[in-house]
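The values are calculated or read from the model by the stated rules, or taken from the named source; none is laboratory data. Predicted, not measured: the structure shown is a model, and the values here were computed from it. All Cβ positions, glycine included, derive from the backbone under ideal geometry; neighbour counts span all protein chains shown.
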Amino acid sequence: MIKRSFFALTRPRLGYDTPEPDPKEPKAIPVPSNLILLLHDPLDDARETLIKKGDKVEKGGKLRLYKDSKEYTVSPVAGAIKVIDTYSDDFGNTSTYLVINTDQGLTAGTGDMKYDLKDTIASADEYLRTLPGAPPLKTLADPDIKIDTIVITCADPDLLSTTQQYMALKFMDGIKEGIGVLKRITSVRKFCITIPENMNVKDEIDFAQVFRTSMIYPANLPPMILKEHLNMILPAGKTPEDMGICFMSAEAVVSLAQAYKTKTACHEKVLTVIGKQGTSYRVTASIGTPLRRILNAFSIHVNDHDRLVIGGPMKGFSTYTVHHPVQPDTDTVIVQDRDNIPELSDNPCVNCGKCVRVCPAHIPVNILVRYLEAGLYEDAMDKYDLLSCIECGLCAYVCTARIPIYQYIRLGKHELLKLNADA
């Protein structure tokens, strides 16, 4: 549970939230008349696309832009493509969004498209990348990436969210079945599972090594799990996959088990919604559902200058439209009233040292941020451990001068990637 910080109510205490002992069923959001799907493949005006405005789509049908496209999305509904246009993220990376006009009669009256799923990771990757929970099938199917351990996360990585804990409490049998599927379709033989230390899981967990994780943030972030439970320090600039470790959410594992059982893709995403007063709601919504439909279901009105955050308060990102769609990895949506948004500033660092003391990676953040503000990204990497940052956001949270340090760090890493790509 988080106090003060995000809602400016009380003194800070960075403890993870927990679901109620016997969670109620999430509120189901009806499938809207228009779904918005994001396709991580940019439009090229010089090429003819496979899909066009007005094309009919099947429920469960794969959609890709070009014959040689490696990226695809899956339509959760039957209907027709209404819009194909370009979408840019907060760093200017371009992809494509599709608006699907739902044929409610066909969607309600027919089942999903059946897939010819085989017990191989290539087959799973061909059809199931967009399952709720966003299973990392592309990574597991990459022959150049050697994964020897999969860690199933039943602990939510960011504050306020209880999505993955809910999945663990309600669907432990599905997690067990999903691990069985992963054992059949991959060569991975070591499976671990993270369970919050205060979670009472009724089922006996004998199908994976159990890590009981702390309820104090940032204990559930992958680098911290590597350090505390696998005795591995993540090297600067490396990912867990570089070390042979793949993290997968509990929801992704449950979705994978269901997909192999039914030979279809499921599309209903579980997410935690936090209203302006800090009230928490749990919902299920079809992937592609605009956030507006979810907020309306709880009479949460978004005014001008209110803030919508996708993800948790520490690692989430702001979106500037209530039409932003639910994605396979959308675990949390937070609405902040404009009067309660913590102020950021361009004030200089006051050298209070709070960011240095709170940093779990022991980075000299107070000096690092000066280089990032000046755009000296390579010096920030070489001299002040930019790439060692695990992006927990604690430095920005405690900053006396209210400097957006976390955003500077993300921008710095992004600019370094661009520099390396140009080189």
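I'm trying to understand the selection: among the residues of region 359-401, which are hydroxyl-bearing (Ser, Thr, Tyr) and in contact with a strand residue (DSSP E or B) (Cβ under 9 Å, 6 or more places away or on another chain)? Talk me through it step by step, then tell me what you get.
First, the residues of region 359-401 that are hydroxyl-bearing (Ser, Thr, Tyr): 371, 377, 384, 388, 397, 400.
Result: 397, single match.
Report, by residue number, each residue of region 42-73 that is hydrophobic (A, V, I, L, M, F, W, C) and either out of contact with any Ser or Thr (no Cβ under 7 Å at 6 or more places or on another chain) or assigned to a loop (DSSP other than H, G, I, E, B) (or both).
Selection gives 43, 46, 50, 51, 65.
Out of 239, 264, I need the residue that is surrounded by fewer than 18 Cβ atoms within 10 Å (Cβ to Cβ), closer than 26 Å to residue 327 by Cβ and modelled with pLDDT of 95 or more. Which one?
239
Which members of region 386-412 meet the condition of being among the charged types (D, E, K, R) and crowded, with 18+ Cβ neighbours inside 10 Å? Steps first, please.
Filtering region 386-412 for residues among the charged types (D, E, K, R) gives 391, 402, 410.
Scanning region 386-412 gives a single hit, 410.
Take residues that are touching a residue at least 40 places away in the same chain (Cβ under 8 Å) and tell me which of the strands (runs of 3 or more DSSP E) falling wholly in region 224-310 contain 3 or more. Give the steps one after another, and end with the answer.
Details: elements: 245-249, 268-274, 280-286, 307-310.
By residue number, 245-249, 268-274, 280-286.
Output the helices (runs of 4 or more DSSP H) that fall wholly within region 350-423 and possess 3 or more residues being within 21 Å of residue 312 (Cα to Cα), or say none.
Here the list reads 394-398, 405-422.
Return the pairs, sorted by first residue and then second, in which the second residue is outside any loop (DSSP other than H, G, I, E, B) and among the aromatic types (Phe, Trp, Tyr), the first residue lies in region 345-368 and is under 22 Å from residue 382 (Cβ atoms), the beta carbons are less than 8 Å apart, and the residues are 6+ apart or on different chains.
Between residues of region 345-368 that are under 22 Å from residue 382 (Cβ atoms) and residues that are outside any loop (DSSP other than H, G, I, E, B) and among the aromatic types (Phe, Trp, Tyr), the close pairs are 363/384; 364/384; 367/384; 368/384.
Does residue 234 qualify as being over 30 Å from residue 340 (Cβ atoms) and outside the structural domain of residue 396 (by TED's automatic domain parsing)? If you could, list the steps in order and put the result at the bottom.
On the way: over 30 Å from residue 340 (Cβ atoms): yes; outside the structural domain of residue 396 (by TED's automatic domain parsing): yes.
So residue 234 fits the description; yes.
Of these, 54, 61, which one is surrounded by fewer than 21 Cβ atoms within 10 Å (Cβ to Cβ), at positive phi and out of contact with any Phe, Trp or Tyr (no Cβ under 8 Å at 6 or more places or on another chain)?
Details: 61 fails: at positive phi.
Of the residues listed, the single one that is surrounded by fewer than 21 Cβ atoms within 10 Å (Cβ to Cβ), at positive phi and out of contact with any Phe, Trp or Tyr (no Cβ under 8 Å at 6 or more places or on another chain) is 54.
I'd like the full set of residues that are polar (S, T, N, Q) and modelled with pLDDT of 95 or more, limited to region 103-137.
Correct list: 120, 123, 130.
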